[in-house]
């Protein structure tokens, strides 16, 4: 998995996904983060969380080594954050060689508000996967009844796990959001394992 996270919400989802994926026998999971593009001064004004040292920064060439990839990012104006897009833009060599073609891929995300664009972010991210020839693996409604519950505000959709950060980043992922993330990790790892065996 690799991700970009400003306030740590996407990193938290990534850790839950790792727990779910780790529960699938024979699957090895590494969590990576993409390089930050904003200056420290700007990050300080945003009260951004520091990058997690236990999640190393990935290089484009390392993507080709994975059997499947879950991409996580916050939403900016209805699409992935510029840091993630900049990283995708650095994968031209992989695109030219079609090094990621046929690999399963999924997405997860965080938005500031309920109308912040969780589904548009997922839909616009699929263009990146498509040009690389990757196989989009949405979580669908495989998590069951919890996805239909209307008793609490929660992020996520059939496109992938999600959370609401709040406009100032103060909201933490809920138990329901974390459960969907763990489920997506397990579900995705099972699909990736099956495809690897083919």
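The values are calculated or read from the model by the stated rules, or taken from the named source; none is laboratory data. The structure displayed is predicted, hence computed values, not measured ones. Reconstructed Cβ throughout: ideal geometry from the backbone, glycine too, with neighbour counts over all protein chains shown.
Scanning for something without any contact (Cβ under 8 Å) to a residue 12 or more places away in the chain, out of contact with any strand residue (DSSP E or B) (no Cβ under 6 Å at 6 or more places or on another chain) and either surrounded by 15 or more Cβ atoms within 10 Å (Cβ to Cβ) or outside any loop (DSSP other than H, G, I, E, B) (or both), does the range 121-138 turn up at least one residue? Scanning the range 121-138, I find at least one residue that is without any contact (Cβ under 8 Å) to a residue 12 or more places away in the chain, out of contact with any strand residue (DSSP E or B) (no Cβ under 6 Å at 6 or more places or on another chain) and either surrounded by 15 or more Cβ atoms within 10 Å (Cβ to Cβ) or outside any loop (DSSP other than H, G, I, E, B) (or both), so the answer is yes. Restricting 154, 186, 193 to residues that are over 25 Å from residue 85 (Cβ atoms) and touching a strand residue (DSSP E or B) at 6+ places or on another chain (Cβ under 8 Å) narrows the list to 154.
Residues of the range 10-49 that are modelled with pLDDT under 90, buried (at least 20 other Cβ atoms within 10 Å of the Cβ) and not in a loop (DSSP other than H, G, I, E, B): 33 alone.
Of the numbered criteria (1) in contact (Cβ under 8 Å) with a residue 40 or more places away in the chain; (2) within 15 Å of the chain's Cα centre (by Cα), the one residue 105 fails is (1). Scanning the range 134-153 for residues that are touching a helix residue (DSSP H, G or I) at 6+ places or on another chain (Cβ under 9 Å) and either farther than 19 Å from residue 110 by Cβ or modelled with pLDDT of 95 or more (or both) yields 134, 135, 136, 137, 138, 139, 140, 141, 142, 143, 144, 149. Among the residues of the range 87-120, those identified as part of a helix (DSSP H, G or I) and farther than 15 Å from residue 67 by Cα are 87, 88, 89, 92, 93, 95, 96, 97, 118, 119, 120.
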